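Trainee: Got a structure for you, written out below as structure tokens; questions coming shortly.
The values are calculated or read from the model by the stated rules, or taken from the named source; none is laboratory data. Please read these numbers as outputs of a predicted model, since none were measured by experiment. Methodologically, a virtual Cβ is constructed for each residue, glycine included, from the backbone with ideal geometry; neighbour enumeration extends over all protein chains shown.
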Amino acid sequence: MSGTAHAARHDAPDQPVFVGQVKDKLEALFPSYPTRMACLLPALWMVQEARGWISPDAIAEVATVLGLTPAYVRGVATFYTMYHLHPVGRHFIQVCGTSPCHLCGSDEVMKAILQQTGCGEVGATSPDDRFTVIEVECLGACGFATPILVDDDFHDSVTPERVAGVLARYP
């Protein structure tokens, strides 16, 4: 299992990210891209890896480092569901909710996940900070409804009955 857990690093969202090794890692990318702007997605990943989420202060820092406006960086960060703009649990669960999955029972899978994680509602984090659950438009596996993504781990053909077994893999 490759599951990259999202560490709870929410205690210093206003501290700079691009210092030391993280700064060196970003600067090492610059020669591989035509412009600094082209490093925006990797820079956002670096922030999320370092902090677990992308705070408004981090958006401003990325903008400064890459020579962009904070509004541009925020626009890109909000476009993609893979970037977290608020603190999330150690494990991030995405449940497909498109029409094919809905017809195959994704609503029941979502209900089971929300109940068993203690999240209560879509977009919420469990009281123990273990899980955050969201619904996404498509995980690209319509033939294997209902697919879910837990951190970086793909699970296909999930049913309400399989939810407990899947979640047990994520302490």
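Trainee: Is there a residue being at pLDDT below 95, of a type outside the set (D, E, K, R) and surrounded by fewer than 17 Cβ atoms within 10 Å (Cβ to Cβ) anywhere in region 106-120?
Mentor: Checking region 106-120: at least one residue is at pLDDT below 95, of a type outside the set (D, E, K, R) and surrounded by fewer than 17 Cβ atoms within 10 Å (Cβ to Cβ).
Trainee: Would you mention how many residues in region 143-171 are in a helix (DSSP H, G or I) and surrounded by fewer than 16 Cβ atoms within 10 Å (Cβ to Cβ)? Explain how you work it out, then say what you get.
Mentor: First, the residues of region 143-171 that are in a helix (DSSP H, G or I): 143-144, 160-167.
Cutting the leftovers down to surrounded by fewer than 16 Cβ atoms within 10 Å (Cβ to Cβ) gives us 143, 161-162, 164-165.
Adding up the residues that qualify gives 5.
Trainee: Quickly run through region 121-137 and pick out the residues that are closer than 17 Å to residue 98 by Cα and not in a strand (DSSP E or B).
Mentor: Scanning region 121-137 gives 122, 123, 137.
Trainee: From the residues in region 52-99 that are within 12 Å of the chain's Cα centre (by Cα) and in a helix (DSSP H, G or I), which one is surrounded by the fewest Cβ atoms within 10 Å (Cβ to Cβ)?
Mentor: The extreme case among them is 78.
Trainee: Would you mind stating whether residue 85 is farther than 15 Å from residue 163 by Cβ, touching a Lys or Arg at 6+ places or on another chain (Cβ under 9 Å) and not hydroxyl-bearing (Ser, Thr, Tyr)?
Mentor: Yes.
Trainee: Oh, and also: Taking only pairs six or more apart or across chains, which ones have beta-carbon atoms under 7 Å, a first residue in region 118-144 that is more than 16 Å from residue 154 (Cα to Cα) and in contact (Cβ under 8 Å) with a residue 24 or more places away in the chain, and a second residue that is charged (D, E, K, R) and not in a strand (DSSP E or B)?
Mentor: Pairs found: 129/90; 130/90.
For every residue, the table says whether it meets (1) modelled with pLDDT of 75 or more; (2) not in a loop (DSSP other than H, G, I, E, B).
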position	(1), (2)
1	no, no
6	no, no
9	no, no
16	yes, no
29	yes, yes
45	yes, yes
